[in-house]
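Colleague: I'd like to ask some things about the structure below.
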Amino acid sequence: MVPSWLPGDTPYQPAATILTEVTHTKLDVRFDYKKQHLLGTAVLTLRSHFYPQSQLVLDAKGFDIQKIELLGPKKNKTLPYTYDKRQLTITLDHAYPRTETYQVRIAYVAKPNELPAGGGSDAITSDKGLYFINPLGTEKNKPRQIWTQGETEASSCWFPTIDRPNQRMTQEISLTVEKQFKTLSNGLLVSSNPNPDGTRTDTWRLSQPHAPYLATMVVGDFAVVSDTWRGKPVDYYVEPQYAGTARAIFGRTPEMLEYFSTKLGVEFPWEKYAQIPVRDYVSGAMENTTATTHGASIQATQRELLDASYDTGESTIVHELFHQWFGDYVTSESWSNLPLNESFADYSELLWAEYKLGPDEAALVQERKLNNYLDEAQSKREPLIRYHYQDKEEMFDRHSYEKGGRVLHMLRHHLGDDAFFTALNRYLTTNKLTAVEISKLRVAFEETTGEDLMWFFNQWFMQRGHPELKVSHIYANNQVSLQVQQVQDTLFQPVYRLPVTVTVWNNNQPTEHHIVVTRASQTFQLPASQKPALVKFDSDNILLAQIDEDRSQEELLYQFYHGSGYAQKAEALNLLQNKTMELAVSSMMRNALSDKFWALRRLALEHLRRYRGPESNAVRKDIQRLASADPNSRVRAQALICLASFPNENFGSYYLAGLNDSSYTVAAAAVEALTKNPIVNAKSQIAALEDTPNSTLMLAISNYYAQHGGLDQYQWFLRRLPDMPEMDLYNYFQAFGNLMARIPPVERDKGIKILEDYARTAPKYYVRLGAYRGLAALVASSPNLKTILQNIREKETDERLKAFYGLM
């Protein structure tokens, strides 16, 4: 039987053939805000790669081409060309050998909003390259900005180039902008000159070559907070109201630069590093060379920073910075080799957590990343390096990121830190400023260690899937017989070679055994003078695998109290979560409520929801203590949610106190608790929070009003809609629909019209779905909406929504 996760036949996707190299790009651009056009002149310096070329083919999407010239020492020549709105084919004046460079100047107008609607991916949701945000200033709560997003091949939506990752060019961009705006691009600002018409022209120059998809420019009203590292500029661009917290958000960047430069033995290779958040961004963040772009949500007020956690901000800063080595300095030659960029950036998040925050936080990163991959693996299993796919955007998945990061973690553990980082140094220095494929990485590790690592790279990078293991043990005759079975479908996945550590506990002393699993079923004999209290397979939590390991309740309790760190304690909590009626287990949960690591306290609270065990009163007191006094806002919030899970019990004083907590996350959890357990005087206190600037709290209030509001709150939904971030509209619209179901039909025409417009035209599919569901909540009292909803379904073009609507 063919598994559901096995993909169908897809075409072979080789690296692009290089006929011509773009060695330097010089751009002069200005902007028509009304039309949302870029008016540009590009001067490209080119050479033939190997064979002489008499024709130049450039990617140029949706341009108006005004003039193309060959630049000469004495005079320029107009060149003939053909153009199909995707590629520009230019006939040169003669065949150019690889020893002769030439320059072509192209005057053009880029019109990104007039391009055919593109796809994008889950990671990068649009592919029009150039974005005008609030260009006419008509949206009162949004600044005017211009920004670009080049990955994967969208730089050619705003300048002509050969838009492939195996190209490499130096760059100079001159931007003419209104004088009140700041600009940012790759490299250093080499000049900034006022113009007679009141504008200003800024010129940015990148002196080392990079791939075209890494080109960037941003225009807008920003405050610039300046830092340095080893004499290089390190700048943080933020909207002016966040100038006071810019260092709190980005201020560890110099320390990160120092740590990674030292760890890799390769100093940060570029001339500056800047970071800038932009509105309505189509990705989480992007590692443009020397100038990373972030989504606006990374900006935070002082109060919002109280809720900052590693996985919601700093990990992204780390990820994009590490790309400056892995992705920018050394670049994957094709999208098939994308894990050479993304796996390393993903793994850097664990490296920094381990260094700066400690082993428990690193183990939490490992757990979250592994679970993300395993979730995706239920419906999709592909080789990490895959030359067969339908669309390059498919590469931006949890394989290229999370699975790849876990594979690097295993490789590091197998070889040891010295060999691992020495090999990375060899890889970076040997391949600097070039585009590479996976074999280059393998060779760097083999040359460093002297070990043939084809087995590792073949099973983890070139084949799909992961090991699924059943592990059991018995004790007899002074030894532990450990059986390991690989039960994955080996018709489509390999039988893995797995170096792994097994720890045997006797007399409260651990003994480590290093074994190598090589067969589908294998038994290992481990010496033990008496029956162990615990036998723990993969005790250092390294394997990328699904592991079903037989252990008794007593062994799991022993593991919690004696195991090393977060991973083993969390596993015991998870595996015993359904046994909390037993005193030993509930005592373990209570112990976890006092653990030094916040994530374990929060995990125990999750498992104590609706607890009715032998220590009920003591457990409730523990939860109340955490709700009011835990130093971590995520734990306080989870404690309130836990209290709200106990029906017919009065914890209203804790909920009301939570509304005034310094943390928005806790205040939102208090509103959520009051939504489930309303009390008489809560509504007025929640109303006092209606003007909150925080979207998390605003969304919680919308859910409260959806169940307990009425006509008085209708105008609040309309008033706050412009302030709700796009990513939260899916839930906001459903709450709005549920609120409108509670008010007279004659009062809700404006709300219905807003939901209908969003359901038809919102750029993001999930926003359209949220608006559609909001309308669907009104069908019972407004039967005419059935026709509107049917029409919305019929006109939808997104395959995800069409599939969803077909199931409704």
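Every number in this text was worked out from the coordinates using simple rules, so none of it is lab data. In this text the structure is predicted, and so the values were computed from the model without any measurement. Positions of Cβ are generated from backbone atoms using ideal geometry, with glycine treated the same way; all protein chains shown enter the neighbour counts.
Colleague: Give the distance, in whole Å, between the Cα centre of the stretch 359-413 and the Cα centre of the stretch 315-347.
Modeller: 13 Å
Colleague: Need the C-alpha centroid separation for the stretch 538-601 versus the stretch 275-307, integer Å.
Modeller: Comparing the Cα centres of the stretch 538-601 and the stretch 275-307, I get a distance of 36 Å.
Colleague: Based on the mean of other beta carbon atoms within 10 Å per residue, what is the order of 169-181, 719-731, most packed first?
Modeller: Packing proxy ranking, top to bottom: 169-181, 719-731.
Colleague: Students often check this: by mean Cβ neighbours within 10 Å, which of 361-372, 515-526 ranks highest, and how do the rest follow?
Modeller: Taking the mean over residues of other Cβ atoms within 10 Å, the ranking is 361-372, 515-526.
Colleague: Right, here's the next one. Each label point is 7 Å from the Cα along the Cα-to-Cβ direction; what then is the distance between the points at Asn507 and Gln715, in nm?
Modeller: 7.9 nm
Colleague: Next question, about the same structure. Checking a compactness column here: for the stretch 668-808, what do you get for Rg(Cα) / (2.2 N^0.38 Å), N being the number of residues?
Modeller: Details: Rg = 15.2 Å, N = 141, 2.2 N^0.38 = 14.4 Å.
Computed over Cα atoms of the stretch 668-808, the ratio equals 1.05.
Colleague: Then there's this: Taking the inverse of the average 1/r across all pairs of different Cα atoms in the stretch 576-689, what Kirkwood radius in Å do you get? Show your work: numbers first, answer last.
Modeller: Working: mean 1/r = 0.0711 Å⁻¹.
The Cα-based Kirkwood calculation yields 14.1 Å.
Colleague: How much mean residue ellipticity at 222 nm does the chain get from its helices, if each DSSP H run of length 4 or more adds -39500 (n - 2.57) and you divide by all residues, to the nearest 500 deg cm²/dmol?
Modeller: For the chain, the value works out to -10500 deg cm²/dmol.
Colleague: Please report, to two decimal places, log10 I(q)/I(0) for the stretch 456-597 at q = 0.19 Å⁻¹ as given by the Debye formula with identical point scatterers on the Cα atoms and no solvent.
Modeller: Ignoring solvent entirely, the Cα scatterers give -1.14.
Colleague: Hey, rough spin-label estimate for Tyr355 and Gln479, points 7 angstrom out along Cα→Cβ, what's it come to in nanometres?
Modeller: 4.4 nm
Colleague: Which whole-Hz ³J(HN,Hα) couplings does the stretch 536-545 yield from phi under the Karplus relation 6.51 cos²θ - 1.76 cosθ + 1.60, θ = phi - 60°, glycine and proline marked x?
Modeller: Using θ = phi - 60°, the values come out as 10, 7, 6, 5, 9, 6, 9, 5, 8, 6 Hz.
Colleague: Quick one: plug the Kirkwood hydrodynamic radius of the stretch 252-305 (C-alpha pairs) into Stokes-Einstein at 20 °C, 1.002 mPa s, and report D in µm²/s.
Modeller: 168 µm²/s
Colleague: Once you have the alpha carbon radius of gyration of the stretch 137-265, what is it after dividing by 2.2 N^0.38 Å, with N set to its residue count?
Modeller: Rounded to two decimals, the normalised Rg is 1.18.
Colleague: While we're on this one: Defining a contact as two alpha carbons under 8 Å apart and six or more residues distant in sequence, what relative contact order in percent does the stretch 576-689 show?
Modeller: 20 percent
Colleague: Want the number for Asn76 to Glu446: 0.36 nm per residue separation, take away the alpha-carbon distance, what's left?
Modeller: Going from the current span to full extension adds 128.0 nm.
Colleague: Once you list every other residue whose beta carbon is under 11 Å from the beta carbon of Val517, what net charge do they have if Lys and Arg are +1 and Asp and Glu are -1? Walk me through the numbers on the way to the answer.
Modeller: Values: positive: Arg497, Arg519; negative: Asp538.
Charge balance near Val517 sits at +1.
Colleague: How big is the stretch 365-420 in terms of Cα radius of gyration and Dmax, in angstroms?
Modeller: Final numbers for Rg and Dmax: 12.8, 39 Å.
Colleague: Can I ask one more? At q = 0.15, 0.18, 0.21 Å⁻¹, what is the base-10 log of I(q)/I(0) for the stretch 334-462 according to the Debye formula with one equal point scatterer per Cα and no solvent? Please give it to two decimals.
Modeller: Evaluating at q = 0.15, 0.18, 0.21 Å⁻¹ gives log10 I(q)/I(0) of -0.72, -1.04, -1.34.
Colleague: What fraction, in whole percent, of alpha-carbon pairs in the chain exceed 35 Å separation? Walk me through the numbers before you get to the answer.
Modeller: Values: 183017 of 326028 pairs.
I get 56 percent for the Cα pairs in the chain exceeding 35 Å.
Colleague: Quick one: order Thr761, Thr183 by neighbouring beta-carbon count within 10 Å, fewest to most.
Modeller: The fewest-first ordering by Cβ neighbours comes to Thr761, Thr183.
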